[in-house]
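Below is one structure; the comments refer to it alone.
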Amino acid sequence: MFIDIKDKVIIITGSSGGIGKELAIKFAELGAKVVINGRKEEKIQEVYNIIKSRGCEPPLAIQANLRKYENVENLINKTYEQYGKIDVLINNAGGSFSAPAEEISANGWNAVIETNLSSVFYCSKAAFNIMRNQQHGGKIINISSVAAFLPDVHYSPYSAAKGGLNLLTETLAVEWAKYNILVNGIAPGFIDTKASINQGSGDTNEIALRRRGKPEDLFGAALLLVSDLSNYITGETIRVDGGLRGALRNV
Ligand SMILES: NC(=O)c1ccc[n+]([C@@H]2O[C@H](COP(=O)([O-])OP(=O)(O)OC[C@H]3O[C@@H](n4cnc5c(N)ncnc54)[C@H](OP(=O)(O)O)[C@@H]3O)[C@@H](O)[C@H]2O)c1
């Protein structure tokens, strides 16, 4: 096969739903050894069952709230114990609530920053400890958002976290290049998942392709970054947004 990801060990955080779930299933179907994660056991179990029912190697399922570093270490260490290597870490877990900036409490702010930015640093740091000792290095893929490029009205901590995430991607790419650890990002536009539908967000008039995306629309960019075809790409965040260029939301 031209793109071969068979037996690559791929951790996908927040893969108990939405985009992460779709990526986990598709990578498993291509023969990767996937590690799935989320906070809610029953949602993780559902993804485990889907992957198993398709005749793929059953995933390693690890329940963990990634806002705590000790949980992250457990996720990374269990993966290493199971497979003896970590080829790819996809930092996908994320989410936010919506509120005008002046109504957001310090706790609310911190929760969104921890979920979308600090957890990515924790996971990357813990994975680095394994990847730096691998001859082939490793790959880290951060799921960002168009909210990193455009003001996301009523999502100020989310927009700030994703903007910070893009520069974290660039910084880690430069710092860890000497270990052949490649760090890239994908910035989705409006993608139909439970989270985004509940928020009722996105005006298709602002999208050049005039439609919202589906989780499978992220797969091409993710596959490129997971595979050896991207071995000379690092520090890059690819927008997968159907050509969204206008306002994300109006006040
Ligand atoms: N959908 C969009 O339009 C869109 C657009 C741009 C960017 N994104 C980004 O894409 C990523 C996936 O979004 P999605 O739409 O697929 O969201 P989703 O359907 O809500 O799924 C989010 C996943 O993250 C997990 N998660 C959340 N907080 C976590 C934590 N503290 N520790 C561990 N797992 C946690 C959830 O698990 P539990 O339910 O068990 O907590 C779930 O598996 C996010 O980073 C999001 O910011 C999405």
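Please treat every number below as a calculation from the coordinates, not as lab data. These figures come from a predicted structure and were not determined experimentally. Glycine also receives a Cβ, built like all others from the backbone with ideal geometry; neighbour counts cover every protein chain displayed.
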(message) Using only the Cα atoms of the range 9-240, what are the Rg and Dmax in Å?
(response) 16.7, 50
(message) Among Asn184, Ile86, Gly242, whose Cα projects farthest towards the positive end of the dipole of the chain, with charges put on the beta-carbon of Lys, Arg (+1) and Asp, Glu (-1)?
(response) Ile86
(request) Would you kindly derive the ³J(HN,Hα) couplings of the range 235-245 from the backbone phi angles with the Karplus curve 6.51 cos²θ - 1.76 cosθ + 1.60 (θ = phi - 60°), listing them in order in whole Hz, with x for Gly and Pro? (result) x, 10, 10, 8, 7, 10, 9, x, x, 6, 10
(request) Starting from the coordinates of the alpha-carbon atoms of the range 124-171, obtain the Kirkwood hydrodynamic radius over all distinct pairs and give the value in Å to one decimal. (result) 12.1
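Given a cut-off of 15 Å, what percent of all Cα-Cα pairs of the range 1-82 lie beyond it?
52
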(request) List, in order, the whole-Hz ³J(HN,Hα) value for each residue of the range 99-108 obtained from phi through the Karplus relation with A = 6.51, B = -1.76, C = 1.60 and θ = phi - 60°; use x for Gly and Pro. (result) 6, x, 3, 5, 9, 8, 7, 4, 5, x
(request) Pop a pseudo-label 7 angstrom from the Cα along the beta-carbon direction at both Arg132 and Asp4 and give the gap in nm to one decimal. (result) 3.1
(request) Using θ = phi - 60° and the Karplus relation 6.51 cos²θ - 1.76 cosθ + 1.60, list the HN-Hα couplings for the range 126-133 in order, rounded to whole Hz, with x at every Gly or Pro. (result) 5, 5, 4, 4, 8, 4, 5, 9
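So which chymotrypsin sites (Phe, Trp or Tyr not before Pro) in the range 137-168 end up in coil per DSSP with only 13 or fewer other C-beta atoms within 10 Å?
Working: sites: Phe149, Tyr155, Tyr158; in loops: Phe149, Tyr155.
When the chymotrypsin sites (Phe, Trp or Tyr not before Pro) of the range 137-168 are filtered for loop state and at most 13 Cβ neighbours within 10 Å, nothing remains.
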(request) Have a look at Ile5, Ala222, Ile104 and report the one farthest towards the positive end of the charge dipole of the chain, computed about the Cα centre with Cβ charges (Lys/Arg +1, Asp/Glu -1). (result) Ile5
(message) Skipping prolines and chain starts, which residues have an amide H placed within reach, meaning under 5 Å, of the one on Gly213, given they are 5 or more residues away or on another chain?
(response) Phe190, Ile191, Asp192
(request) Could you give the size of the charge dipole of the range 9-240 about its Cα centre, using +1 on the Cβ of each K and R and -1 on the Cβ of each D and E, expressed in debye and rounded to the nearest 20? (result) 400
(request) Under 1.5 on a/c is rounded, so check that first for the range 7-138, then, if it is not, pick prolate when a/b is larger than b/c and oblate when it is not; a ≥ b ≥ c are the square roots of the alpha carbon gyration tensor eigenvalues. (result) oblate
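Considering every pair of different Cα atoms, what Kirkwood radius, in Å, is found for the range 85-127? Could the numbers behind the result be given before it?
Details: mean 1/r = 0.0848 Å⁻¹.
With all distinct Cα pairs of the range 85-127 included, I get 11.8 Å.
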(request) For the range 112-251, state the average projected area of the convex hull of the C-alpha atoms over all orientations, rounded to one decimal in nm². (result) 8.4
